[in-house]
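The values are calculated or read from the model by the stated rules, or taken from the named source; none is laboratory data. Because the structure is a prediction, the values reported are computed rather than measured. In this analysis, Cβ positions are derived from the backbone assuming ideal geometry, glycine residues included, and neighbour counts consider all displayed protein chains.
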Amino acid sequence: MQDSERLEKGKVHFRTIIEVAGRPKEHVEDSIKEHVEKIKKEEKIEIISQDFAEIRKEEEEDIWSTFVELELWIKDINSLVGFCFDYMPSSVEVIEPKELHLKEHELSGLLNDLQANLHRMNIMVKNISNENFNLKMNAHNLLWNIIAILTFKEGRTIEQLSKITGFEKSNLQNFLDKLEKEGKIEKREGKYFLKNGSRSS
């Protein structure tokens, strides 16, 4: 199909860059390739060219990153908006058409699609936030149970508790201070003891 025919059908010609970062190196390399393979399977999308960058290690971090530059045709402007939400590209450059002329119902449809995607992402963020809160509460209860067991019969120093639990002393100190304020443990001669009446929950 000629470019002019694509434009007559309302298709959009654009370039985009998609980045992936993480670790290990092999996971990043596989992820960027999987992204492109998924795009190739999209019925609304036609990939004209693809250019994979060399994977590199970020300075002072154990993080690998890479990107792919793609040139594509996509069904219409609505599909382009959906593409941006689905693949989260770091940049998009529309090549053709040079100008967009949207009718009222087309603009309404575009805005509605945009709102629907924003709503979907908002729900995802809230779900992740709730999951993180539950994980934090479970970790809090688990650590309290461990501290209660360790200090039930004999006192333990923060160094001992840090070594057994695997928590850094600075993070553990904040938690112990909180338990002490709540009256669950007490500190005597540098050691923490479970207070009478306190028990794991």
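Of all residues in the stretch 149-170, those that are surrounded by 12 or more Cβ atoms within 10 Å (Cβ to Cβ) and in contact with a helix residue (DSSP H, G or I) (Cβ under 9 Å, 6 or more places away or on another chain) total 11. The listed residues are 69, 46, and the only one of them that is closer than 16 Å to residue 84 by Cβ, part of a strand (DSSP E or B) and of a type outside the set (Lys, Arg) turns out to be 69. Only residues that are exposed (fewer than 13 other Cβ atoms within 10 Å of the Cβ) and modelled with pLDDT of 90 or more were counted in the stretch 57-77, giving 0. Here residue 159 fulfils each of the conditions (1) farther than 30 Å from residue 19 by Cβ; (2) in contact with a Cys (Cβ under 9 Å, 6 or more places away or on another chain) apart from (2).
Just one of 158, 149, 74, 164 is among the aliphatic types (A, V, I, L, M) and in the same structural domain as residue 36 (by TED's automatic domain parsing); which is it? Criteria check complete, one pass: 74. Looking at this structure, is residue 136 closer than 22 Å to residue 171 by Cα and not hydroxyl-bearing (Ser, Thr, Tyr)? Yes, satisfied.
Taken over the stretch 4-36, the criterion of being exposed (fewer than 13 other Cβ atoms within 10 Å of the Cβ) and more than 21 Å from the chain's Cα centre (by Cα) is satisfied by 4, 5, 8, 9.
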